[in-house]
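Chemist: The structure that follows is given in the form of structure tokens.
The values are calculated or read from the model by the stated rules, or taken from the named source; none is laboratory data. Only a predicted model underlies this, so the values are computations on that prediction, with no experimental measurement involved. All Cβ positions, glycine included, derive from the backbone under ideal geometry; neighbour counts span all protein chains shown.
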Ligand code: ADP
């Protein structure tokens, strides 16, 4: 536990440092990008266009990275309401069907009468989309990406087996792919900020640390299992509330066990 505490503390200060740098970098990149785009319009000599395009592309890439670092560090504030996670899943399904390669099949399965969640739609959407994009990236030759959402009651026995679990109603969101999978060495490090196996410019290594930060801020937890060459499964457990999404928020805040 001591080690885990120190590790969390180390990651927290890393986050603070990263967000400080990201913020300053953003102020540097914005005028750079504007200048690059202006130059691109003003310089009519076609021979210079590829150079200018490289400049614009990479400044844009830097800006996207900075944005991701900031959202990782900022993470978990934001107004929460009672919401139905199935709406987010269906939105993500639509996004996947419109933008993912055709050789990736997307399947969504949602338990009828799924419990609700006291949460922030933007954060939960970001959490899910990060997992879904990783699943896509793990299937360069296509495959099946499935999301399943179901109610799950964590009882005493289950909570004793999982140190991060707390007794009560939860929703499990299962995100599974048939992709490249992970070795135990990689699996061990995936939640570290800036850990990535993707090529420079492709991955920031902040996706899963953001995912973990969001889940923890909901008093939830995440399990991963993976097999090289077979695929990966992420199981997200989020505390559920047994209320319809129309209840007054005061009561629901208590029910959701918020304020930890
Ligand atoms: P990034 O996607 O920018 O690399 P992440 O924190 O989201 O950062 O992921 C870290 C690493 O975890 C990835 O580079 C990859 O090696 C591994 N990973 C995450 N999800 C999967 C998956 N579904 N299948 C295989 N590897 C994965």
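Chemist: For the range 187-205, how many residues are more than 6 Å from the ligand (Cβ to nearest atom), on the phi < 0 side of the Ramachandran plot and touching a helix residue (DSSP H, G or I) at 6+ places or on another chain (Cβ under 9 Å)?
Modeler: 4
Chemist: Can you tell me how many residues within the range 182-211 are under 15 Å from residue 235 (Cα atoms) and surrounded by fewer than 21 Cβ atoms within 10 Å (Cβ to Cβ)?
Modeler: Total satisfying the criteria: 2.
Chemist: Which is under 27 Å from residue 201 (Cα atoms), assigned to a helix (DSSP H, G or I), under 22 Å from the mean Cα position of the chain (by Cα) and modelled with pLDDT of 90 or more, of 105, 91?
Modeler: 91
Chemist: Please go through the range 98-130 and pick out each residue that is closer than 20 Å to residue 83 by Cα and either within 15 Å of the ligand (Cβ to nearest atom) or in contact (Cβ under 8 Å) with a residue 60 or more places away in the chain (or both).
Modeler: 115, 116, 117, 118, 119, 123, 124, 126, 127, 128, 129, 130 - these are the residues of the range 98-130 that are closer than 20 Å to residue 83 by Cα and either within 15 Å of the ligand (Cβ to nearest atom) or in contact (Cβ under 8 Å) with a residue 60 or more places away in the chain (or both).
Chemist: Of the conditions (1) within 8 Å of the ligand (Cβ to nearest atom); (2) in contact (Cβ under 8 Å) with a residue 60 or more places away in the chain; (3) assigned to a helix (DSSP H, G or I), residue 214 clears all except one; give me its number.
Modeler: Residue 214 satisfies all of (1) within 8 Å of the ligand (Cβ to nearest atom); (2) in contact (Cβ under 8 Å) with a residue 60 or more places away in the chain; (3) assigned to a helix (DSSP H, G or I) except (1).
Chemist: A further question follows. Report, by residue number, each residue of the range 126-159 that is within 20 Å of residue 178 (Cβ to Cβ) and part of a helix (DSSP H, G or I).
Modeler: 128, 129, 130, 131, 132, 133, 134, 135, 136, 137
Chemist: Would you confirm, using the coordinates I've provided, whether residue 123 is part of a helix (DSSP H, G or I), at negative phi and surrounded by 19 or more Cβ atoms within 10 Å (Cβ to Cβ)?
Modeler: yes
Chemist: So, one more: Suppose we filter 30, 56 for residues that are in a helix (DSSP H, G or I), surrounded by 16 or more Cβ atoms within 10 Å (Cβ to Cβ) and modelled with pLDDT of 75 or more; which single one remains?
Modeler: Testing whether each residue is in a helix (DSSP H, G or I), surrounded by 16 or more Cβ atoms within 10 Å (Cβ to Cβ) and modelled with pLDDT of 75 or more leaves just 56.
Chemist: While we're on this one: Would you check if residue 221 is more than 16 Å from the ligand (Cβ to nearest atom) and at pLDDT 85 or above?
Modeler: yes
Chemist: Where the second residue is within 6 Å of the ligand (Cβ to nearest atom) and part of a loop (DSSP other than H, G, I, E, B) and the first is touching a residue at least 24 places away in the same chain (Cβ under 8 Å) and over 21 Å from residue 18 (Cβ atoms) and lies in the range 177-199, which pairs have Cβ atoms under 6 Å and are six or more apart or on separate chains?
Modeler: As it stands, the answer is 177/138; 179/138; 180/138, since those pairs meet every condition given.
Chemist: Which of the residues spanning the range 160-210 are at pLDDT 95 or above, part of a loop (DSSP other than H, G, I, E, B) and within 20 Å of residue 128 (Cβ to Cβ)?
Modeler: 178, 179, 182, 190
Chemist: Which residue pairs have Cβ atoms closer than 7 Å, lie 6 or more positions apart in sequence or on different chains, and pair a first residue in the range 133-146 that is on the phi > 0 side of the Ramachandran plot with a second residue that is surrounded by 16 or more Cβ atoms within 10 Å (Cβ to Cβ)?
Modeler: Filtered contacts from the range 133-146: 142/104; 143/104; 143/177; 143/178; 143/179.
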